[in-house]
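Reading through the C-alpha cells given below for one structure.
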C-alpha cells in the first residue's frame with residue numbers, strides 16, 4: 001500500500017512515520033499553539049483530550065482512504081515536530097491537495113521546505129498524480145515561500161475564504177504540475 005511508502009519517506013533533517021494516538025502529546029505541543037493554529041484549517045486544541053480526539057479523527061479519515069497522514073520526525077531529536085498530509089483526491093483527474101503543519105520552533109529552518117519536497121516526490125512518483133495543490137491564508141507568508149521554493153505557482157485567490165479568530169482571510173491557491 002502506498003501509505004506504507006509515505007511513512008517511510010526520509011530526507012536530510014526529517015523522516016515520516018505513521019500517525020498513532022501515542023503521538024498526541026507531541027502533536028498537542030503545536031496543535032495547541034495559537035500562532036500555529038491561525039494558519040491552518042483545524043481548530044486550536046486547548047487540551048490534550050481535544051488533540052487526542054482530533055488525532056483519532058485523522059486516523060479514521062486515513063483508514064477510510066480519503067487522506068494520507070504522516071507525522072514528521074526531526075531526525076536529530078527523534079520527536080514529532082509536524083504533520084504532513086495528502087487529501088481531497090480527485091482520482092479520475094489525478095490531483096490532490098497537500099498540507100503540513102509544524103511546531104513554531106522549527107519555522108524558517110528548512111523543515112517545511114524539505115517536507116513539501118518529499119510530499120511532491122511521493123505524490124508524483126508513487127501516486128502518479130498529475131497535479132497537486134495547496135491553499136494557504138494570505139497572511140501565511142512563510143508557507144507561500146515554501147510552496148514557491150518547491151515549484152508551486154500562485155493560481156488564484158478565494159476572497160474571505162478562511163474565518164479565523166472572528167476575522168476573514170483570503171485563501172491563496174498554489175498548484176504544481
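Bear in mind that the values in this text are calculations on the coordinates, not laboratory data. These numbers were taken from a predicted model, which means no experiment stands behind them.
Quick notes on this one:
- Three-way shape label, the stretch 44-133, alpha-carbon gyration tensor, a/c 1.5: oblate
- Only helical runs count toward this figure. For the chain, summing -39,500 (n - 2.57) over DSSP H runs of n ≥ 4 and dividing by all residues gives -9500 deg cm²/dmol at 222 nm.
- Selected from 47, 24, 92 as most flexible by GNM, with the chain as the system and alpha-carbon contacts under 10 Å: 92
- Extension reserve of the residue 127-residue 20 stretch, reckoned as 0.36 nm per residue once the Cα distance is removed: 36.2 nm
- Rounded, prolate or oblate (a/c below 1.5 giving rounded, otherwise prolate when a/b exceeds b/c) for the stretch 77-177 by Cα gyration tensor: oblate
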